[in-house]
1. Probe radius 1.4 Å, ligands and nucleic acids ignored: give me the carbon and sulfur share of the accessible area of region 15-136 as a rounded percent.
2. With the other protein chains left in place, how much accessible area per residue, in square angstrom, belongs to region 1-153 at a 1.4 angstrom probe?
3. Cα centroids of region 116-139 and region 1-71: how far apart, whole angstrom?
4. Which is the longest part of the chain that has none of the trypsin sites (Lys or Arg not before Pro) sitting in a DSSP loop with at most 14 other Cβ atoms within 10 Å?
5. With the radius of gyration and the Kirkwood radius both derived from the Cα set of the chain, what is their ratio Rg to Rh?
6. Once you put a point 7 Å from the Cα of Ala147 and another 7 Å from the Cα of Arg2, both along the Cβ direction, what distance in nm separates them?
7. Determine, from the Cβ-Cβ distance of Leu110 and Asp140 and an R0 of 30 Å, the FRET efficiency 1/(1 + (r/R0)^6), rounded to the nearest 0.05.
Amino acid sequence: GRSVDGTLLVRQLADDSTLVVGREMGDVHRVAHLVERALYAAAGVTLLFILGGTAWFRAHLESRVEAIRMTTRGVGAGNLSMRIPATSEEDEFARLDGDINSMLDRIEQLMEGVRHVSNAIAHEMRTPMSRILAGLRTADRPDVEPARVVEANRAAIREIETLTQVFDKLLQIAEAEAGTRRQEFERIDAG
């Protein structure tokens with residue numbers, strides 16, 4: 001006495017009788033509806049996992065990149081001793097961190113070498129400059145005889161010529177290291 005969804009299959013048999021087979025579809029519809037709801041729930045959970053995983057991955061990635069950025073900003077501001085903190089992870093970022101830290105170690109060594117060379121040059125230049133200054137001040141006094149003035153000028157010229165040669169050698173070294181003077185080099189047979 002109630003309506004139901006169903007399917008019927010009607011077949012004519014050899015003896016001219018009719019066979020009708022039917023099946024109620026209510027259970028199939030309920031299972032299909034249950035599967036559809038499960039699929040929607042699974043899609044929602046999957047979407048939540050994707051969004052959560054993406055947020056976690058992005059935060060993790062940003063923290064690793066921020067460590068690199070903080071170090072490069074510090075080095076750019078002049079603090080050559082800054083390094084990217086080491087992590088326990090063994091991934092691409094750890095290898096990149098190691099490479100950047102090695103590069104920063106080398107830059108710090110090179111800058112220390114430049115400072116050392118600059119200090120050495122300054123000390124080497126101070127002595128001749130002091131001799132030039134002392135000689136010219138002596139020659140500048142009113143009671144100095146003209147021959148002493150001429151000798152002080154000649155001594156100052158010699159010292160300045162020596163300093164000019166030192167500067168020329170320093171410039172040649174800098175140009176050779178930079179590669180700009182290599183075109184002036186020529187091959188010779190060392191034998």
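The values are calculated or read from the model by the stated rules, or taken from the named source; none is laboratory data. Since we're looking at a predicted model, the values are computed, not measured. All Cβ positions, even for glycine, are placed from backbone atoms using ideal geometry, and neighbour counts span all protein chains on display. Protein only, heavy atoms only, side chains kept; ligands, DNA and RNA dropped before computing areas. Shrake-Rupley method; radii C 1.70, N 1.55, O 1.52, S 1.80 Å.
1. Numbers: 6050 of 9320 Å².
Roughly 65 percent, rounded to a whole number.
2. Values: 12250 Å² over 153 residues.
Accessible surface, normalised per residue, equals 80 Å².
3. 89 Å
4. On the way: sites that count: Arg2, Arg181, Arg187.
So the longest stretch without any such site is 3-180.
5. Details: Rg = 44.4 Å, Rh = 27.4 Å.
Ratio of gyration radius to Kirkwood radius: 1.62.
6. With each label placed 7 Å out from Cα toward Cβ, I get 14.1 nm.
7. Details: r = 43 Å, r/R0 = 1.44.
It comes to 0.10.
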